[in-house]
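Computed from the coordinates by the stated procedures, all read-outs in this text should not be read as laboratory data. All figures in this text were calculated on a predicted structure; none of them were measured in a lab. Methodologically, a virtual Cβ is constructed for each residue, glycine included, from the backbone with ideal geometry; neighbour enumeration extends over all protein chains shown.
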Amino acid sequence: MIKPILKLPRRHKQLIAVATDYVVLLIAFWTALALRFETMNPSFSGYGWQMLVAPLLAIPVFVRLGLYRAVIRFMEDRVVFVVAGGVTLSVVLLAALMALTHTPMFSRGVLGIYWLLAIVYVGMTRFLARSYFLRSERRHDARKRVVIYGAGRSGMQLLFALRAGRDYVPVAFFDDNPAIQEAELAGLRVHPPENLPEFLAAREVDEVLLAIPSAGRARKAEIINRLEGLHCKVRLVPSMSEMVSGNLTVDAIREVDIEDLLGRDAVAPDLSLLSRCVSGKVVLVSGAGGSIGSELCRQIVRLQPVRLVLMELSEFALYTIEQELLSLCSRLKLQVEIVALLGSVIHQRRNERIMASFGVQTVYHAAAYKHVPLVEHNPVEGVRNNTVGTRRMAEAALAAGVETFVLISTDKAVRPTNVMGASKRLSELVLQGLARQGGATRFCMVRFGNVLGSSGSVVPLFRKQIAAGGPITLTHPEITRYFMTIPEAAQLVIQAGAMGLGGEVFVLDMGQPVRIIDMARRMVHLSGLTVIDEENPEGDIAIEIVGLRPGEKLYEELLIGENVEGTSHPLIMRAYEHELPWPWLEERLSGLDRACQAFDYEKVLEMLATLVKEYTPARHGDDELLWRTIVEGKPHGVVVH
């Protein structure tokens with residue numbers, strides 16, 4: 001019966017609602033007479049025409065108030081106020097009509113009882129119809145059954161958005177607040193969180209939607225950790241700013257990201273540090289289209305520099321970030337000149353001309369090759385871009401009189417086992433050497449670990465592998481990494497750069513290290529799936545150990561030595577590490593540059609090992625074939641492009 005009714009034209013459904021209300025109002029008037037005169041067979045003498053007219057007065061009022069425009073299935077609880085207002089106005093009109101017609105012997109008690117019963121009856125029929133339609137739909141459609149964790153304003157908005165769509169059927173609320181537990185909101189019961197496992201097992205729920213966008217990251221992580229073991233897919237609603245702006249849609253509900261699991265709330269930034277090297281200045285960002293570079297640009301633009309110069313080797317990446325920043329400036333009405341420059345950082349003369357011509361005052365040098373296996377297989381290009389490029393950018397900054405130069409470094413520069421890490425450590429030594437020579441430019445380095453969502457992050461890879469049904473490929477069961485969100489890292493880089501006096505290595509507090517295999521398991525569980533292992537051979541997703549990649553370490557470090565001190569910011573530390581005398585280093589850097597230009601692999605690797613004393617190259621299995629091919633120039637079963 002449900003499907004034929006729902007398929008009727010809108011006008012026919014409204015006529016059914018009008019006819020139902022007319023009958024319900026007649027019943028309400030009859031019941032009022034029966035209650036007033038305490039008999040089940042009341043006399044209609046003197047009340048006949050009033051009983052017939054009462055619905056005829058009420059229905060036009062209901063039409064005027066829009067009661068028949070509401071879709072019963074998605075009707076909100078506040079419809080009670082519309083019904084009460086309509087009934088009250090119709091009763092007033094009925095009393096006025098009886099006064100004008102001088103109706104004798106009419107009991108005012110009948111009108112009072114009718115007013116109350118009409119509100120109850122009309123409202124009750126709608127809620128009963130809504131409940132019937134929703135339950136019938138649930139039995140006949142294939143929509144996903146979901147529970148909403150969070151019964152506050154965001155949860156209610158989400159409920160109505162889901163009911164208006166065709167993809168989800170909300171079946172219950174869960175909330176930590178004891179004051180509303182066991183209450184009923186918009187037809188859904190609010191349950192305590194401890195009942196969730198039993199509820200999920202009994203009700204065949206497909207997903208849990210976490211509707212607490214205003215909660216801190218630590219609080220979200222706590223709840224997600226609690227939900228992880230339930231093997232039910234967990235998704236999140238947008239942030240509160242998106243909710244307030246009215247952008248909440250079903251499509252905006254997103255997957256749980258790894259940053260939601262880290263559990264560390266961001267520390268409020270020091271606004272004076274944020275603005276010191278940016279606001280009202282000319283700023284240049286190299287590698288502006290990369291993961292860190294692009295986020296630096298977004299945050300820098302909001303701090304309102306006079307001009308932001310973007311340097312990027314990739315044409316597509318440069319175009320993308322330029323258009324995004326122009327749109328951001330237009331939307332926020334920011335008066336920032338955006339200059340997009342295409343090219344490599346290794347062209348020193350061009351770097352000098354750019355910095356001098358645009359009057360650059362602050363440089364954030366984020367341009368680097370960062371993917372460990374790729375740089376391991378292309379060491380000359382890695383060293384040339386990461387080390388030689390940093391030197392040429394730094395010397396160009398000195399020549400152009402730049403005030404501040406900030407190098408974006410990495411935890412892989414600490415006791416490196418790969419070319420990428422060694423080239424970045426050598427870049428740090430270059431800046432330290434230049435800083436000790438004096439000059440107008442303050443050089444400093446900011447070192448941190450992996451950022452979530454970057455181009456080389458394992459998180460997007462794991463997500464694709466889970467969506468494809470597995471397996472998840474992992475290099476080693478004990479591999480551990482530090483993680484930080486890109487916005488937090490960029491914000492701390494800007495603040496650390498403002499602290500530098502010259503030659504410092506700043507290290508960001510990355511929180512607790514994360515075992516990658518644990519992260520992979522949690523991503524599987526939060527997708528509503530299970531991991532195939534000895535305890536669960538019938539699981540959904542397998543995890544395969546494929547061996548360490550070229551140059552990869554099990555554990556990353558942030559400090560070479562123990563000589564470290566805090567700063568005014570709780571998440572930024574200042575490290576004091578060994579340096580190389582600039583005259584000695586400068587001579588060997590020139591030799592390294594010549595070796596790169598001559599494509600002399602052996603010389604490049606030899607000099608890298610000489611200059612970075614902590615560098616201990618790691619080789620894994622078939623890697624030796626590639627290295628012998630590169631160094632000897634002879635094929636050993638590996639094709640080198």
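Going by average Cβ density within 10 Å per residue, which order do the peptides 193-201, 208-216, 472-480, 603-611 take, highest to lowest?
Going by the mean number of other Cβ atoms within 10 Å, highest first, we get 208-216, 603-611, 472-480, 193-201.
Taking neighbour Cβ counts within 10 Å as the exposure measure, how do LEU492, LEU334, LEU592 sort from fewest upward?
The order, fewest Cβ neighbours first, is LEU334, LEU492, LEU592.
Modelled label-to-label distance, LEU65 and SER327, 7 Å Cα→beta-carbon offset: nm?
About 4.5 nm separates the two model spin labels.
Quick one: which of 34-40, 502-508, 62-68 comes out on top by average Cβ neighbours within 10 Å, and what's the full order, highest first?
Descending mean neighbour count gives 502-508, 62-68, 34-40.
For TYR132 and ARG153 in the same chain, what is the full-extension length gain: residue separation times 0.36 nm, less their Cα-Cα distance, in nm?
Extra length available between TYR132 and ARG153 comes to 5.0 nm.
How much FRET efficiency would the formula 1/(1 + (r/R0)^6) give for SER279 and ARG219, where r is the Cβ-Cβ distance and R0 is 41 Å, rounded to 0.05?
Between SER279 and ARG219 the formula returns 0.80.
Please give the FRET efficiency for SER344 paired with ILE545, using the beta carbon to beta carbon distance and R0 = 41 Å, rounded to the nearest 0.05.
0.60
Can you compute log10 of I(q)/I(0) for the range 142-256 with the Debye formula, treating each Cα as one identical point scatterer, at q = 0.10, 0.17, 0.24 Å⁻¹?
Cα-only, vacuum Debye calculation for the range 142-256: -0.25, -0.78, -1.68.
What order do you get for LYS233, LYS144, LYS424 when you list them from fewest to most C-beta neighbours inside 10 Å?
Fewest to most other Cβ atoms nearby, the residues stand as LYS144, LYS233, LYS424.
Within the range 292-349, which trypsin sites (Lys or Arg not before Pro) sit in a loop by DSSP and count at most 10 neighbouring Cβ atoms inside 10 Å?
LYS333
To the nearest Å, what is the center-to-center distance of the range 325-378 and the range 583-604, using C-alpha atoms only?
So the separation of the two Cα centres works out to 25 Å.
Mind giving me the nanometre distance, one decimal, between the label points for GLU579 and THR20, set 7 Å out from Cα along Cα→Cβ?
Distance between label points: 8.2 nm.
Which length gain, in nm to one decimal place, applies between VAL92 and ASN195 when the Cα-Cα distance is subtracted from 0.36 nm times their residue separation?
My answer for the length gained is 32.2 nm.
Given labels modelled 7 Å from the Cα in the Cβ direction, how far is it in nm from VAL564 to ALA183?
Roughly 4.7 nm, to one decimal.
So, counting K/R as plus one and D/E as minus one, what does the shell of residues with Cβ under 11 Å around ALA288 add up to?
-3
How charged is the neighbourhood of ASN195? Take every other residue with its Cβ under 14 Å from the Cβ of ASN195, and add Lys/Arg as +1 and Asp/Glu as -1.
Charge balance in the 14 Å sphere: -2.
What order do you get for HIS365, HIS578 when you list them from fewest to most C-beta neighbours inside 10 Å?
HIS578, HIS365
Taking the DSSP beta bridges in the range 271-630 as the whole, what percent of them are antiparallel, to the nearest 5?
Antiparallel bridges make up about 20 percent of those DSSP assigns within the range 271-630.
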